Amino acid sequence: MMQAVDLPETIAVFPLPGALLLPRSRLPLHIFEPRYLQMLEDVLKTPQRLIGMVQPCPQPARSNALHAIGCAGRVTQFSETEDGRYMITLTGISRFRIQSEIDGFAPYRRCSVSWEGFSRDLGGTETDPCFSRNRFLDLLSRFFASRHLQTDWDALKEAEDELLINSLSMLLDFTPEDKQALLEAPSLQTRRETLVTLLEFQMRSGPGEETLQ
């Protein structure tokens, strides 16, 4: 397990709208743009092998603005395709706060970051003591039915709290701003409450669907 002292002050960042990475979760990525192929090559030469996933921040005056908080993942798997693209997996390590963007000659973006305030991310699996799984799965069942989605319900019932909440937060089709709210949730309980709110809101938007009261 990576320690706080191992975290660098500068990391490469990958702005990707709607792509959410959370601590101890895994995010598959398809790398094919030349600048990000260069980023991957450089990152693999570092001992930590970290890439910071961050949401672009829509600002009319700054088309390249980034949200202040992202999550760094360690490249834990990668494979090259015949045409030079890469399939990689990032394993979430810790959230970070961007201090400043670093100018340089690299074709990709690099930022000076602070890890302060996110020490819990480096610990063990988080639990949600107030989690009512049956109630949550009932809402999720109605949400999936309204969107004609299918899933492995047995796996959902057996999944640990953190794996269940984080996986749904990453996989469900929420807006980038909603994904940012899920990322910034200070605890698993808060993230679950945010997730429920988002599911309920989308249920209200659907025709004739009830919400979880």
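Any read-out appearing in this document is the output of simple, stated calculations on the displayed coordinates, not a laboratory observation. None of these values were measured; they are calculated from a predicted model. For neighbour counting, all protein chains shown are included, and Cβ atoms are generated from backbone atoms with ideal geometry for every residue, glycine included.
Here is how the numbers come out for the structure above:
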| quantity | calculated |
| --- | --- |
| Burial order of peptide ranges 64-77, 143-156 (average beta-carbon count within 10 Å, highest first) | 64-77, 143-156 |
| Viscosity 1.567 mPa s, temperature 4 °C, Stokes-Einstein D of region 65-157 from Kirkwood C-alpha radius, µm²/s | 73 |
| Relative contact order of the chain, pairs being alpha-carbon contacts under 8 Å that are 6 or more residues apart, as % | 22 |
| Added length on full extension, which subtracts the Cα-Cα distance from 0.36 nm per residue, residue 160 to residue 119 | 12.6 nm |
| Sites residue 187 and residue 133, calculated FRET efficiency, Cβ-Cβ separation with R0 25 Å, nearest 0.05 | 0.90 |
| Extension reserve of the residue 44-residue 26 stretch, reckoned as 0.36 nm per residue once the Cα distance is removed | 4.7 nm |
| Rounded, prolate or oblate (a/c below 1.5 giving rounded, otherwise prolate when a/b exceeds b/c) for region 123-187 by Cα gyration tensor | oblate |
